[in-house]
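The block underneath contains the structure these notes are about, expressed in C-alpha cells.
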Amino acid sequence: MSELPLVTRFAPSPNGHLHLGHAFSAIIAHDIAKAAKGRFLLRIEDIDGPRSRPELADEYRRDLEWLGLEWDEVPAQSTRLDSYAEAARDLVERGFLYPCTCTRKEIAALPKRVGSDGVEYPGSCRDTCEGKAGEGAALRIDVVRALAEVGEVVWVDETIGSVVADPRALGDVVIVRKDLPASYNLAVTLDDAADGVSLVTRGEDLLETTHIHRILQELLKLPVPTWHHHELVLAEDGTKLAKRRGSPPIAERRKAGEDGLVLAEQVRLRNFELGS
Ligand code: GLU
Ligand code: ZN
C-alpha cells in the first residue's frame, strides 16, 4: 500500500511586503515537502478587504523564486467565495452560527468575562444580537453548541503532539465577516481541505486558531490534516516581524542585488542579519 504524498503550503495574505519571517515560513514548508517528496503549494489569501493588495502577489512569486523555491500555485481565495458561502449556509441552517452587529468598539468597551460555560467572550450578544441578521451583521459560531455537537476531538502537531481542541479561549469567533462570505478561520479551513493539504505549516502565532479550525473540520466533515506550527523569527526586541512594523522587505534585498540562495541558506541555519 502506498502512502499518500505529503502536501503542505505557504499561504500569505497580500497586505504588505514579505519579510524574513515569511521567508522562514515558506522555506520550512518547502523543505518539508521536498524531503518527503511531496508537494509545496502557494495560496494567495487575498480576501482581506481593502487591506488586500492583489498586485503584491506577483512580488511574492518573484521573492520566492529568488529564494530558490519551487511550488504549485492553487487558486487565490478571492476566487473561492462561493464555496465559503455554501459552507456558511450549511452552518447557519444547522444552527451553529448567529448574527452579530456589534462594532469592534462596542466589544472592546465590554468587560472581558468568562461565562459559566467556560467561554471567554467579551460581549454577550449571543442572546442580544439575535434576529438582527442581514446587512451589516457578521456571523459568530456558538462555540458551546459546536463543542456539544462534535464532542472531544484532538489535533496533532508534529512538534507539540496531540492537543484536545478547545476553542473556548477564543470565544465565539467570527466565521462570516460583515463584508465577506467568510473569515480567515472558515476560508483557511475550507481551502486546506479543497487543496488536499495534509500538513498545515504556519507560524505559532496562529496556533490558537487551530482549535476552531479543528472544530469546523468536524462540523463540515472535512479531512483532518496534521499541523506544523513553527517558531517565529523575532526582531531583536522580541517583537514579531510584522509587515507593518517596517522590517526590511525581501523584495528590497532582491532588488538591491543580494543573492537569494545565500539568504535562503542563512534563513535555514537561522543565521541572518535582520537589518533595520
Ligand atoms: N494568510 C495567513 C497570514 O498570512 C496565514 C494563513 C495560514 O497559514 O493558516 O497570516
Ligand atoms: Zn453582537
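The values are calculated or read from the model by the stated rules, or taken from the named source; none is laboratory data. Being a predicted model, the structure only gives us computed values, none of them experimental. Glycine also receives a Cβ, built like all others from the backbone with ideal geometry; neighbour counts cover every protein chain displayed. To get the accessible areas, we keep the full protein, side chains included, count just its heavy atoms, and leave off ligands, DNA and RNA. Shrake-Rupley method; radii C 1.70, N 1.55, O 1.52, S 1.80 Å.
How high is the relative contact order of segment 8-50, in percent, counting Cα pairs under 8 Å that sit 6 or more residues apart? Provide the component values of the computation, followed by the final result.
Numbers: 43 pairs, mean separation 25.9, N = 43.
Dividing the mean separation by the residue count of segment 8-50 yields 60 percent.
Taking the mean number of other Cβ atoms within 10 Å as a proxy for protection, how do you rank 32-43, 75-86 from highest to lowest?
Numbers: 32-43: 17.9, 75-86: 15.8.
The peptides rank, most packed first, as 32-43, 75-86.
Residue by residue through segment 190-205, what is 3J(HN,Hα) from phi via Karplus (6.51 cos²θ - 1.76 cosθ + 1.60, θ = phi - 60°)? Round to whole Hz and write x for glycine and proline.
5, 5, 4, 5, 5, 8, x, 5, 9, 9, 8, 9, 6, x, 6, 5
Which percentage, to the nearest 5, of the DSSP beta bridges contained in the chain is antiparallel?
In the chain, DSSP labels about 50 percent of beta bridges as antiparallel.
Using a Gaussian network model on the chain with a 10 Å cutoff between Cα atoms, which of Leu139, Leu97, Leu170 fluctuates the most?
Leu170
Please compute the per residue accessible area over the chain with all protein chains in place, 1.4 Å probe, rounded to a whole number of Å².
Numbers: 13840 Å² over 276 residues.
Solvent-accessible surface per residue comes out at 50 Å².
Ranked from the most accessible area to the least, with a 1.4 Å probe and all protein chains present, what is the order of Ser198, Ser183?
Details: Ser198 45, Ser183 10 Å².
So, going from the largest accessible area down, we get Ser198, Ser183.
Expressed as a whole percentage, what fraction of the accessible surface of the chain belongs to carbon and sulfur atoms when a 1.4 Å probe is rolled over the protein heavy atoms? If you can, show how the numbers build up before the last one.
On the way: 7200 of 13840 Å².
Answer for the chain is 52 percent, counting heavy atoms of protein chains only.
Can you tell me which of 207-218, 18-29 comes out highest on packing, and rank the rest after it, using the mean Cβ neighbours within 10 Å? Display every interim value, and only then the final one.
On the way: 207-218: 20.8, 18-29: 23.2.
Averaged packing, sorted descending, gives the order 18-29, 207-218.
Quote the accessible area belonging to Arg51 in square angstrom, nearest 10, computed with a 1.4 Å probe and with ligands, DNA and RNA left uncounted.
We get 110 Å² for Arg51.
At a probe size of 1.4 Å, how large is the accessible area of Asp58, to the nearest 10 Å²?
In the full protein context, Asp58 sits at about 80 Å².
Could you check the simple spin-label distance between Glu208 and Ala194, using points 7 Å along Cα→Cβ, in nm with one decimal?
Rounded to a tenth, the inter-label distance reads 2.8 nm.
So if R0 is 22 Å, what FRET efficiency would Leu232 and Asp48 give, r being the distance between their Cβ atoms, rounded to the nearest 0.05? Walk me through the numbers on the way to the answer.
Working: r = 20 Å, r/R0 = 0.91.
Working from the Cβ atoms, E equals 0.65.
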